[in-house]
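Q: My questions will all concern the structure given below.
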Amino acid sequence: MEQNLSGRQTLSVSFVLMAILFNVCLIASNLFETKLFMVGNIALTGGVIIFPVSYIINDCLVEVYGYRKARLVIWTGFLMNFFVVGMAQIVRLLPAAPFWDGGPHFDYVFAMAPRVTVASMLAFFCGSTVNAWIMSRMKVASHGKRFPLRAVVSSAGGETVDSLIFFPIAFWGLGITELLMLMVTQVVIKTMYEVVILPVTSFVVKKMKKFEGIDTYDEKISYNPFRVFDI
């Protein structure tokens, strides 16, 4: 991070690109949720392919730039997702051309039930914030060591909070056993995703620290999730 002549802090190109990728992964994962596929006897949504990437990016942001910068990116993701969902509903209400027969397919992808939309956005915000908080606190406590352990633990914590919020709201009425199975499966698979791609995450973090010339430790900062402009 640098300061311009007015004394205000500016954001690097690398940070902006990471923030953009974070937003793209979040929005794409919500669109991919309508696709179901099987892994053995386990049914999974298409979002499981890309959503964990947002947590990996979150880890990178906290590790290199700190919790406050990550908090800003989490809020942009929340707002951009809200914007896309809102625009999609407006587009759905537009009268279709008489020769266009794609209405049912378009609605299938974008006609998210209000309950599912609220569950998704609330779960994302809380899960991502918890992920960033755990990553930040563990870094300070470990004096910057054991990044792989911190990355896995923070992602597992964030994914757990995400699932605990999303599935009970989105699938209210489902049996307790089925609900618990869904939550546990999602957390385990997404955490394993983090473990598998961990060498890439560690490589990216190392290169970003070297390129940016920074390694942020969140000491004496506010973890209030609503202090968005405190960067």
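The values are calculated or read from the model by the stated rules, or taken from the named source; none is laboratory data. Note that the coordinates shown come from a computational prediction; the quantities given were computed from them, not determined experimentally. A quick note on method: Cβ atoms are made from the backbone with ideal geometry, for glycine too, and the neighbour counts reach across all protein chains shown. With ligands, DNA and RNA removed, areas are computed over all heavy atoms of the protein, side chains included. Shrake-Rupley method; radii C 1.70, N 1.55, O 1.52, S 1.80 Å.
Q: May I ask you to list the residues in the stretch 85-112 that are over 27 Å from residue 157 (Cα atoms) and in contact (Cβ under 8 Å) with a residue 12 or more places away in the chain?
A: 88, 89, 91, 92, 106, 107, 108, 109, 110, 111
Q: Check residue 80 against each of (1) in contact (Cβ under 8 Å) with a residue 40 or more places away in the chain; (2) under 19 Å from residue 165 (Cβ atoms); (3) of a type in the set (A, V, I, L, M, F, W, C) and name the one condition it does not meet.
A: Answer for residue 80: the failing condition is (2).
Q: From the list 101, 59, which one is charged (D, E, K, R) and loosely packed, with under 12 Cβ neighbours inside 10 Å?
A: Details: 59 fails: loosely packed, with under 12 Cβ neighbours inside 10 Å.
Every option except 101 fails the conditions.
Q: Are there any pairs with C-beta distances below 7 angstrom linking a residue in the stretch 155-181 that is within 24 Å of residue 71 (Cα to Cα) to a residue that is open to solvent by 70 Å² or more (accessible area, probe 1.4 Å) and at pLDDT 85 or above, with the two at least 6 apart or on different chains, and if so which?
A: As it stands, the answer is 165/122, since those pairs meet every condition given.
Q: Here's something else I'd like to know. Just for the stretch 32-63: of the residues that are aliphatic (A, V, I, L, M) and within 14 Å of the chain's Cα centre (by Cα), which one is nearest to residue 181 (Cα to Cα)?
A: 48
Q: Within the stretch 183-199, is there a residue that is hydrophobic (A, V, I, L, M, F, W, C), in a helix (DSSP H, G or I) and surrounded by fewer than 12 Cβ atoms within 10 Å (Cβ to Cβ)?
A: Within the stretch 183-199, one or more residues are hydrophobic (A, V, I, L, M, F, W, C), in a helix (DSSP H, G or I) and surrounded by fewer than 12 Cβ atoms within 10 Å (Cβ to Cβ).
Q: Ok, one more. May I ask you to verify whether residue 22 is under 25 Å from residue 185 (Cα atoms) and either touching a residue at least 24 places away in the same chain (Cβ under 8 Å) or open to solvent by less than 50 Å² (accessible area, probe 1.4 Å) (or both)?
A: Answer is yes for this residue.
Q: Could you check how many residues of the stretch 107-138 are touching a Lys or Arg at 6+ places or on another chain (Cβ under 7 Å) and open to solvent by 40 Å² or more (accessible area, probe 1.4 Å)?
A: 4
Q: Right, something else. May I ask you to verify whether residue 150 is of a type in the set (D, E, K, R) and surrounded by fewer than 19 Cβ atoms within 10 Å (Cβ to Cβ)?
A: No: the conditions fail for residue 150.
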